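The values are calculated or read from the model by the stated rules, or taken from the named source; none is laboratory data. Bear in mind the structure is a predicted one, so any value in this text is a computation, not a measurement. Heads up, the Cβs are rebuilt from the backbone with ideal geometry, glycines too, and the neighbour counts pull from every protein chain shown. Remember, those area values only see protein heavy atoms, side chains included, never the ligands or the DNA or RNA. Shrake-Rupley method; radii C 1.70, N 1.55, O 1.52, S 1.80 Å.
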Amino acid sequence: MLCYNLFVPLEIALNDRVKLRKQHPCGGYEWTVTRLGADIGLKCDTCGRYILIARRELEKRIKAKSANSK
């Protein structure tokens, strides 16, 4: 019996805005994508804090995604 991985990665582009499930300590939910790769760079739209998060972890935490802001 063959098993195939049906996991399709989330389409993420630079400058996309994402809303995460949990609130940042500053009170913001909105983040802007600043780096792509195995780790995704996010910048908080409220306080400007920059974090790196693994792509799989981001796909678990994401609540909504909007198109490029530019």
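For the reader, a short list of remarks on this structure follows.
- Near pairs, Cβ below 8 angstrom, 6+ apart or cross-chain, from segment 1-16 (part of a loop (DSSP other than H, G, I, E, B)) to any residue that is at pLDDT below 70: Ala13/Asn68; Leu14/Asn68; Asn15/Asn68; Asn15/Ser69; Asn15/Lys70
- In segment 7-30, the residues that are open to solvent by less than 50 Å² (accessible area, probe 1.4 Å) and either modelled with pLDDT of 95 or more or among the charged types (D, E, K, R) (or both): Asp16
- Considering the conditions (1) in contact with a Cys (Cβ under 8 Å, 6 or more places away or on another chain); (2) modelled with pLDDT under 85, Ala67 is excluded by exactly one of them, (1).
- Restricting segment 31-70 to residues that are among the polar types (S, T, N, Q) and assigned to a strand (DSSP E or B), the residue that is least open to solvent (accessible area, probe 1.4 Å): Thr32
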